[in-house]
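The values are calculated or read from the model by the stated rules, or taken from the named source; none is laboratory data. Everything numeric here is computed off the predicted structure, so don't read it as measured data. Note that each Cβ is placed from the backbone with ideal geometry, even for glycine, and that neighbours are counted across all protein chains shown. SASA here: full protein model, heavy atoms, side chains in, ligands and nucleic acids out. Shrake-Rupley method; radii C 1.70, N 1.55, O 1.52, S 1.80 Å.
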Amino acid sequence: MAPPLININDIRLTFGGNDLFSDVSFAIAERDRLCLVGRNGGGKSTLLKIITGEIEADGGERFVQPGCKVAYLNQEPKFDGYDTVEDFVLAALDEHEQEYAYRSDMLLASVDIDPKADPKQLSGGEGRRAAIARALIADPQVLLLDEPTNHLDLPTIEWLEGEIKNFRGAVVVISHDRAFLNAVSNGVLWLDRGVMHQGAINFAKFEEWSEEIYRKEAEERAKLDKLIAQETVWSVQGISARRKRNQGRLRRLYDMREQRSNQVDRIGNVSLAAEAGETSGKVVIEATEIAKSFGDRQIIADFSTRILRGDKVGIIGPNGAGKTTLLKMLTGQLNPDSGTIKIGTNLNPSYFDQKRIALDDDKTLWDTLCDVGGDQVMVRGNPRHVVSYLRDFLFDEKQARSPVGALSGGERNRLLLAKMLAKPTNLLIMDEPTNDLDMDTLDLLQEMLDDYEGTLLLVSHDRDFLDRVVTSSIVMEGDGTAVEYAGGYSDYIAQRKLSRADTGKEDKSAAKQAKKPATAATPSAPAKPKASSKLSYKDQREYDNLPTAMAKLEDEIKTLEVALSDSSLFTKDPTGFQKKVDRLDDARSELEASEERWLELEMLREELGQA
C-alpha cells in the first residue's frame, strides 16, 4: 500500500485566545476524494490553507511527500497583476513545469473562456472557471478545492464532476452542493466544534453517520453528568474529604467537572421563518407568447406560462441563457419585446438578488436591519431588538456594529435573509440564494420554503435544493427556447430522457405537455380544434349568476362580522355565537370557491375569443 501523499498530525490553530480547532489528524492518500464539511466559520477554509502551507498552524505537524504537487482553488480567486486569463492560468506553473503550458488553451476551451480576455472583467462564474483551469494545469498530485461550484452553471458543474472522477491524484473539496459531493466523494472529513471526525463513506451517508456520532456523544455526556452528580453527593454527604485517602477521589471529581465544562454543545441553527402576509390573487403571473432579444441574440421566444398562488417555480439553465432576464420579465422589471405578461393582484414581493446589491458595505449590520433608526426591527409585524434578531441568524453581539463589508460570503447571505424575511411577503424572488450557505442553513431554508404559503420564483444551480423545493421547473437551454417541466431538476432529467427515448431527439411539445396541469399550453404545441366558439349553456348561465351570488356572500360576511364584533353576544347566546362563527367560515370558503370558478370561466371565455 502506497504511503499517504499528505499527513496532518495533531494540528492546532488559535484565534483570539481560543482554539479554532485542535488535535486534528488525518491523511490524504492517492485517489482519495474527501469532502471537508462543517459549519460556516468552523475553520474549513483555514484548514485547507494549512494543508497548502499558506498558513502555519500553532501546533502539530504537516508532512507532504517530496515531489508532491499541491494545487489550491481559493474561494475568492485574485486576478490582480494579470493582463489576460492565459497569463493568470500559466502563472500557476513553476519554472520546471513549463512542459504543461500547452494545457492552458485546452483547459480554457473546456470551460469556454477566451485566453486573451481581461481577467478583471470576468463575471463570477467565468472567474471561477478560469481559476479551475489554473488549478488543473500542472497535473497536481493533490487538488484542494474551496467551494468550486459557486457561480458555476449546471453544465460546468457536471464537467467538473467528470474531471474529478478521472483525476489521477487526490482531491479534498469544500462544498455546500450535496449533489456534487454525492457524485465525487469516497470519504468525509467533518470539522465539528473544533474536532475532526473522519469517515470512509460517500457523502450520501453523512447525515446518518453524523447523527450516530451525536447520539453517542449525548450518551457519554449523560453518563458523565450522572457520575458527577453521584460524586458531588459523596463529596457533601459521604466520608470526610479531609481524610487523605479521599483526596484522589475529590481530584477526579474536579477533573470531571472541568471536562464537562469544556464540552461544547451542538451549535444552534439559524431561525428561519417567512410569513406570506396578505393573500394574493389566484393567478400570480401569466405570460403569453413572450419573446426577448438583445441585438441579434434571441434570449427567449414564444414562451407561455401561468404561475398560480402557492406555486414554487425553479428557473434552470446555463450561465448566459437568460434566467435573470426571464425572472425580471415575469416580475414586471423588464418588458418583453412581444407577447403579454399579466401580474396578479395584492402582490407584496421580496427580492433576494444574486449580487446582494441590497446590502451596503459601509453600513453596519445594526443599521442594515434598523433602516429607520432606533434599535428595533419589525419582524413580521412584531418588534424585536436588533441584537436578538441577529442572534437568530447566528451573528454574535459584537458583530452588530461591524460593517457589512467585513462579512464573509455566507454571513452576507444570512444578513440578506434576515432583512428579507423580516417583512411579510407573498412573492419570494430568489436569485442564487444558496451560494456560500452551510448545509444546516440550507436545510432550514428548504424547510422554511416548504412551509411557505406564498409563491416562490427560484433561480439556482443547486440540483439537490431544486429537487427539495420546487414544484415545477422552467428550463432554458441557451438557444432561445424555454420548456416547463413538472417537478425539480431530477424530474426534468427523467422527462427529457423519456422524450428522447421515444423520439430519438428532444421533443419539446411532449415536454411542454408534461407541465403542471395549471400551466397554460405553450404556443408551439399543436392547437386542438375547438368544439365551440363560446361557453356552453350551463357554463354561460353559471358565469352570469356568479357575480350576484358573490355579492350576496360578501354582504352576508359583512353582516356576520358586525354581529360577532359585539363582545356580549357570546355571553347572551353562546349557541347563536357559535353558529355565526361556523357560518362565517363556510361563507368565506364559498366566496373563495366562487371567485376561483368565476376566474376559470373568465379565462375560458378569453380563450374562446368571447368579448
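Kindly establish whether E61 is on the phi < 0 side of the Ramachandran plot, open to solvent by 50 Å² or more (accessible area, probe 1.4 Å), part of a strand (DSSP E or B) and not β-branched (V, I, T). The answer is yes for E61. Total residues in the range 1-14 satisfying the condition of being surrounded by fewer than 16 Cβ atoms within 10 Å (Cβ to Cβ) and over 26 Å from R168 (Cβ atoms): the figure is 3. Residues that are free of Cβ contacts under 8 Å to residues at least 12 places away in the same chain and either assigned to a loop (DSSP other than H, G, I, E, B) or touching a helix residue (DSSP H, G or I) at 6+ places or on another chain (Cβ under 7 Å) (or both) within the range 380-406 comprise D396, E397, listed in sequence order.
Scanning the range 142-160 for residues that are acidic (D, E) and crowded, with 19+ Cβ neighbours inside 10 Å gives D146, E147, D153. So, in the range 15-34, of the ones that are among the hydrophobic types (A, V, I, L, M, F, W, C) and under 25 Å from F393 (Cβ atoms), which residue ends up least open to solvent (accessible area, probe 1.4 Å)? The selected residue is F21. Quick one: count up the residues across the range 364-379 that are out of contact with any His (no Cβ under 9 Å at 6 or more places or on another chain) and either assigned to a strand (DSSP E or B) or surrounded by 15 or more Cβ atoms within 10 Å (Cβ to Cβ) (or both). The number of residues fulfilling the criteria is 9.
If I ask for residues that are open to solvent by 10 Å² or more (accessible area, probe 1.4 Å) and within 27 Å of E278 (Cβ to Cβ), which ones from the range 470-487 would you list?
Keep residues of the range 470-487 that are open to solvent by 10 Å² or more (accessible area, probe 1.4 Å), which gives 470-471, 477-479, 481, 486-487.
Correct list: V470, T471.
The residues on offer are L394, L417, L456, and the sole one that is open to solvent by 10 Å² or more (accessible area, probe 1.4 Å) and not polar (S, T, N, Q) is L394.
Being surrounded by fewer than 14 Cβ atoms within 10 Å (Cβ to Cβ) and either under 26 Å from S280 (Cβ atoms) or modelled with pLDDT under 80 (or both) narrows it down to one of R597, R605, R541, so name that one. Within the list R597, R605, R541, the selection yields R541. Exactly one residue out of D337, D367, D361 is at pLDDT below 90 and charged (D, E, K, R): that is D361. In the range 293-329, of all residues being within 24 Å of D450 (Cα to Cα), in a loop (DSSP other than H, G, I, E, B) and of a type in the set (G, A, S), the one that is most open to solvent (accessible area, probe 1.4 Å) corresponds to G310.
Count, please, the residues in the range 86-125 that happen to be in a helix (DSSP H, G or I) and either without any contact (Cβ under 8 Å) to a residue 24 or more places away in the chain or over 30 Å from the mean Cα position of the chain (by Cα) (or both).
The first filter runs over the range 86-125 and keeps only residues in a helix (DSSP H, G or I), leaving 86-90, 95-100, 103-110, 119-121, 124-125.
Then drop every residue that is not either without any contact (Cβ under 8 Å) to a residue 24 or more places away in the chain or over 30 Å from the mean Cα position of the chain (by Cα) (or both), which leaves 86-90, 95-100, 103-106, 109, 121.
So the count comes out to 17.
When both residues are 6+ apart or on different chains and their Cβ atoms are under 6 Å apart, which pairs have a first residue that lies in the range 318-331 and is within 20 Å of I157 (Cβ to Cβ) and of a type outside the set (K, R), and a second that is open to solvent by less than 30 Å² (accessible area, probe 1.4 Å) and assigned to a helix (DSSP H, G or I)? Cβ pairs passing all conditions: N319/G125.
Here L308 clears all of (1) at pLDDT below 90; (2) in the same structural domain as G410 (by the TED database) except the condition numbered (1). Across the range 137-174, the number of residues qualifying as touching an Asp or Glu at 6+ places or on another chain (Cβ under 6 Å) and in a loop (DSSP other than H, G, I, E, B) comes to 2. Taking the range 42-66 as the range and being under 35 Å from the mean Cα position of the chain (by Cα) and in contact (Cβ under 8 Å) with a residue 60 or more places away in the chain as the test, the residues that pass are G42, G43, K44, S45, L47, L48, I51, T52.
Restricting the search to the range 45-58, which residues are out of contact with any strand residue (DSSP E or B) (no Cβ under 7 Å at 6 or more places or on another chain) and open to solvent by less than 50 Å² (accessible area, probe 1.4 Å)? Spell out how you get there, then give the answer.
Quick first cut of the range 45-58, residues out of contact with any strand residue (DSSP E or B) (no Cβ under 7 Å at 6 or more places or on another chain) only: 49, 53-56.
The one that is out of contact with any strand residue (DSSP E or B) (no Cβ under 7 Å at 6 or more places or on another chain) and open to solvent by less than 50 Å² (accessible area, probe 1.4 Å): G53.
Within the range 446-456, identify whether any single residue is under 22 Å from G125 (Cα atoms) and either assigned to a strand (DSSP E or B) or without any contact (Cβ under 8 Å) to a residue 40 or more places away in the chain (or both), and answer yes or no. Looking through the range 446-456, none of the residues is under 22 Å from G125 (Cα atoms) and either assigned to a strand (DSSP E or B) or without any contact (Cβ under 8 Å) to a residue 40 or more places away in the chain (or both). Any chance the range 144-157 includes a residue that's at pLDDT 95 or above and of a type outside the set (V, I, T)? Looking for residues that are at pLDDT 95 or above and of a type outside the set (V, I, T), one finds at least one in the range 144-157, hence yes. Within the range 554-561, is there a residue that is within 44 Å of the chain's Cα centre (by Cα), open to solvent by 90 Å² or more (accessible area, probe 1.4 Å), at pLDDT 70 or above and outside the structural domain of D302 (by the TED database)? Within the range 554-561 (the criterion being within 44 Å of the chain's Cα centre (by Cα), open to solvent by 90 Å² or more (accessible area, probe 1.4 Å), at pLDDT 70 or above and outside the structural domain of D302 (by the TED database)), the answer is yes, since at least one residue qualifies.
Just one of T455, T434 is among the β-branched types (V, I, T), farther than 25 Å from A183 by Cβ and not assigned by the TED database to the domain that holds T149; which is it?
The match here is T455.
The combined condition, being touching a residue at least 40 places away in the same chain (Cβ under 8 Å), out of contact with any strand residue (DSSP E or B) (no Cβ under 6 Å at 6 or more places or on another chain) and of a type in the set (G, A, S), is not fulfilled by G295.
The single condition among (1) surrounded by fewer than 21 Cβ atoms within 10 Å (Cβ to Cβ); (2) at negative phi; (3) touching a residue at least 40 places away in the same chain (Cβ under 8 Å) that I137 does not meet is (1).
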